[in-house]
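Written below as structure tokens is the structure these notes are about.
The values are calculated or read from the model by the stated rules, or taken from the named source; none is laboratory data. None of the values given here were measured: they were computed from a predicted structure. A quick note on method: Cβ atoms are made from the backbone with ideal geometry, for glycine too, and the neighbour counts reach across all protein chains shown. Surface areas here come from the heavy atoms of the whole protein model, side chains and all, with no ligands, DNA or RNA. Shrake-Rupley method; radii C 1.70, N 1.55, O 1.52, S 1.80 Å.
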Amino acid sequence: MKKAVIDAFNKVFPDGGDVKTYFAPGRVNLIGEHTDYNGGHVFPCALTIGTYAAVSKRSDNKLRFYSVNIESAGVIETSLDELKPSDEAGWTNYPKGVVWAFEKRGMKLDTGFDMVIDGNIPNGSGLSSSASLEVLTGFILRDLYGFDVSNQDIALIGQYSENNYNGCNCGIMDQFASAMGKENNAIFLDTADLSYEYAPIVLKGAKIVIANTNKKHKLTDSQYNARRKMCEDALAILQKSVDIKGLGDLTPEEFEEHKALLTDPDMQKKAKHAVYENQRTIDAVKALKAGDLDEFGKLMRASHESLRDDYDVTGIELDTLAEEAWKIPGVIGSRMTGGGFGGCTVSIVKDEAVDNFIKTVGENYLKKLGYEATFYIVEIGGGPCAI
Ligand code: GLA
């Protein structure tokens with residue numbers, strides 16, 4: 001990948017100067033979905049797949065971008081004076097948004113840059129290709145321009161740019177997982193205060209398999225922002241009677257005690273998911289630490305069921321993949337991962353069952369949906385780096 005991105009850079013920008021190369025990972029969330037904007041816990045890990053970049057600083061204020069994955073877009077040229085989101089900017093709204101967000105924090109670039117990217121995260125798969133591009137850009141800006149920011153700052157700046165430049169009101173999970181990733185570890189993050197702990201993922205005799213529905217999703221187009229708003233409205237109602245900062249502050253027992261305050265049944269279901277999913281995430285990490293992978297798998301299933309029945313973000317594609325997976329002997333756990341409405345499931349599958357899992361779930365998905373799902377066996381990788 002490194003050579004490919006450098007070759008592409010030299011071809012597209014033959015006049016480019018000193019070229020440096022970088023990588024930032026995508027992520028998969030093992031459990032804790034739609035909890036990160038509710039002050040709850042998440043448990044994602046960085047992947048060894050992600051986004052690569054070759055970059056060179058310019059002497060003027062131009063910004064030139066090219067993506068090997070979206071060749072048809074060609075070279076997109078703009079400048080530091082034109083940091084405004086636009087449809088024509090396409091994918092470059094992500095790196096431009098990060099430059100804009102650095103400037104908002106008083107870190108102004110003195111010159112522009114040329115950037116070529118090449119990624120191996122399937123686009124729109126819900127494995128955070130956009131967060132990886134944001135973290136990649138933040139890491140590059142720190143390295144090239146000497147800005148004094150930590151990896152955690154890079155995650156927060158990425159989220160800020162996504163919220164305020166790209167219009168998706170996402171939580172911190174994706175950028176945090178990409179910026180703070182650690183090989184063979186998942187990150188148990190409390191989004192209420194950003195305290196976190198690494199938890200080694202030791203899957204003796206099992207693998208993490210991702211299944212892509214191949215249904216494209218785009219969070220800004222979907223009902224993601226609407227879900228978030230409903231949780232905020234539920235919180236405001238509950239706060240009149242309970243002293244909490246987020247739905248993640250409530251235990252399931254406390255929620256049961258106060259849930260009658262939420263008279264809209266749909267709102268009550270959404271809030272219930274946020275509270276119970278947070279508890280499941282805490283319990284899942286406990287089970288993992290105790291070496292109880294079966295319990296972890298059961299909680300993954302309960303998570304999917306809650307996202308399907310209460311939070312209503314799955315759909316026939318994700319449900320088919322998860323429900324077919326649960327039937328296969330040797331599947332420890334399986335659930336949707338990420339925002340939902342398409343994207344991927346994540347499954348923990350015993351080594352000897354992987355082939356049958358891919359074959360059987362794949363066939364049944366094709367039969368039901370009329371097109372194929374794609375499967376990847378993934379590994380947990382580290383955070384962003386120069387390569
Ligand atoms: C998307 C968002 C995250 C998180 C998940 C759902 O991936 O970017 O912040 O809310 O959905 O858990």
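Based on the Cβ-Cβ distance from Lys108 to Ala386, what FRET efficiency comes out when R0 is 30 Å, to the nearest 0.05?
Values: r = 23 Å, r/R0 = 0.75.
Plugging the Cβ-Cβ distance into 1/(1 + (r/R0)^6) gives 0.85.
Inverting the mean 1/r over all pairs of different Cα atoms, compute the Kirkwood radius of the chain and quote it in Å.
Roughly 21.4 Å, rounded to one decimal.
Dividing the convex hull volume of the Cα atoms of the stretch 93-146 by its residue count, what figure in Å³ per residue is obtained? Kindly include the intermediate steps, with their values, before the conclusion.
On the way: hull volume 4.5 nm³, N = 54.
Each residue corresponds to 84 Å³ of Cα convex hull volume.
Sequence gap at least 6, Cα distance under 8 Å: using those rules, report the relative contact order of the stretch 239-336 to the nearest whole percent. Don't jump to the answer; show the numbers that get you there.
Values: 78 pairs, mean separation 23.5, N = 98.
Here the relative contact order equals 24 percent.
If you roll a 1.4 Å probe over the heavy atoms of the protein chains, what accessible area per residue do you get for the chain, in Å²?
41 Å²
Just the accessible area for Asp153, please: 1.4 Å probe, Å², rounded to the nearest 10?
50 Å²
What percent do you get for the relative contact order of the chain when only Cα pairs under 8 Å and 6+ apart count?
It comes to 24 percent, rounded to a whole number.
For His41, what accessible area in Å² do you get when you roll a 1.4 Å probe over the heavy atoms of the protein chains, rounding to the nearest 10?
Its heavy atoms expose roughly 30 Å² to the probe.
Hey, what angle do you get for helix 151-164 against the long axis of the chain, alpha-carbon based, 0 to 90 degrees rounded to 10?
Computed tilt is about 90 degrees.
Test of understanding: what is the full-extension gain from Ile70 to Asp153, defined as 0.36 nm times their sequence separation minus their Cα-Cα distance?
27.0 nm
How far, in nm, would the chain grow between Glu352 and Ile377 when pulled straight, counting 0.36 nm per residue and subtracting the alpha carbon separation?
Fully extending the segment from Glu352 to Ile377 adds 7.7 nm.
Carbon and sulfur together cover what percent of the accessible area of the stretch 2-201 at a 1.4 Å probe radius?
Looking at the stretch 2-201 in its full context, I get 44 percent from C and S.
Using label points projected 7 Å from each Cα along Cα→Cβ, tell me how many nm separate Lys240 and Asn163, to one decimal.
Going by the 7 Å Cα→Cβ label model, 2.6 nm.
Figure the gain on full extension for Asn10 and Ile316 (residue separation times 0.36 nm, minus the Cα-Cα span) and round it to one decimal in nm.
Here the answer is 105.7 nm.
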